[in-house]
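A short reminder: the numbers here are calculations on the coordinates, not readings from a lab. Computed from a prediction, not measured in an experiment: that's the story for all the values here. Positions of Cβ are generated from backbone atoms using ideal geometry, with glycine treated the same way; all protein chains shown enter the neighbour counts.
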């Protein structure tokens, strides 16, 4: 009996040692809000590893930063402004509002896609009002589905969001954000949320985290991203979790 137990233990050890690499918890990080500041955007693009960059359409530096991100082998998303409950969408160059009809909605979506070259998907910017409306989310998913191989990430700024449900019903590959790395700009917050990101990755197997090109966020990511592999995590692109397999 002892020999059998020893043999079983040895087999378990060998299985653990030879476990496939894809068994490591997968972490995908999106840096949002690129397009206004060139220096912050370029610093973000230099982050090590397969970070994904979400560019606000129509911003002064958006097209340039999307092009530079792509040239550096990074994935690009359209960070699509959607109306929030605070109703301050007017500050963004291109955005979708609740009072738009279908024609206006489609035209605005097309302008947003055209403004961000190399985009392979969409994630929501703000949207605490619009993402809770099934009709407008249906329009959004139909526009996404009409373009081959695009996917959607719900930044999930409200727990009332129906975006993920509508995406699933319409066959659009979609996930929601699991962690905001920097709900404020304090480095202590980034440190805390980065640790929570790893904890959730351990629990769920794969997660999506969102950060912003704030100095504290970039400082900490520059320091910590190179350590993830040694800590047993796999940093992956968003398309690894959502794109065509």
query: Label 7 Å along Cα→Cβ of residue 118; region 125-167 residues with amide nitrogen under 20 Å?
result: 148-153
query: Which order, highest average first, do 215-223, 150-158, 180-188 follow once you tally other Cβ atoms within 10 Å for each residue and take the mean per peptide?
result: 150-158, 215-223, 180-188
- line: Tilt, helix 134-145 to longest principal axis of the chain (alpha-carbon atoms), in degrees rounded to tens, equals 70
- request: Find the relative contact order for the chain and round it to a whole percent, using C-alpha pairs within less than 8 Å whose residues are 6+ positions apart.
  value: 24
message: Using 0.36 nm times the number of residues separating residue 231 and residue 72, minus their current alpha carbon distance, what extension gain do you get?
response: 54.7 nm
message: Output the 0 to 90 degree angle, nearest 10, between the alpha-carbon long axis of helix 62-71 and the longest principal axis computed from the alpha carbons of the chain.
response: 30
- request: Evaluate region 63-120: find the radius of gyration of its Cα atoms, find its Kirkwood radius, and give the ratio Rg to Rh.
  value: 1.04
query: Rounded to the nearest 500, what is the chain's calculated 222 nm mean residue ellipticity when only DSSP H runs of at least 4 contribute -39500 (n - 2.57) each, over all residues?
result: -12500 deg cm²/dmol
- request: Just grab the label-to-label distance for residue 145 and residue 102, each label 7 Å out from Cα along the Cβ direction, in nm (one decimal).
  value: 1.3
- prompt: With a 10 Å Cβ neighbour count serving as the proxy for reagent exposure, in which order, fewest first, do 91, 63 appear?
  reply: 91, 63
- request: Sort 40-50, 127-137 for me by packing, meaning the mean count of neighbouring Cβ atoms within 10 Å per residue, highest on top.
  value: 127-137, 40-50
- prompt: In Å, what is the Rg of the alpha-carbon atoms in region 165-245, and how long is Dmax?
  reply: 14.0, 40
field: Ranked 105, 53, 194, criterion: other C-beta atoms within 10 Å, fewest first
entry: 105, 194, 53
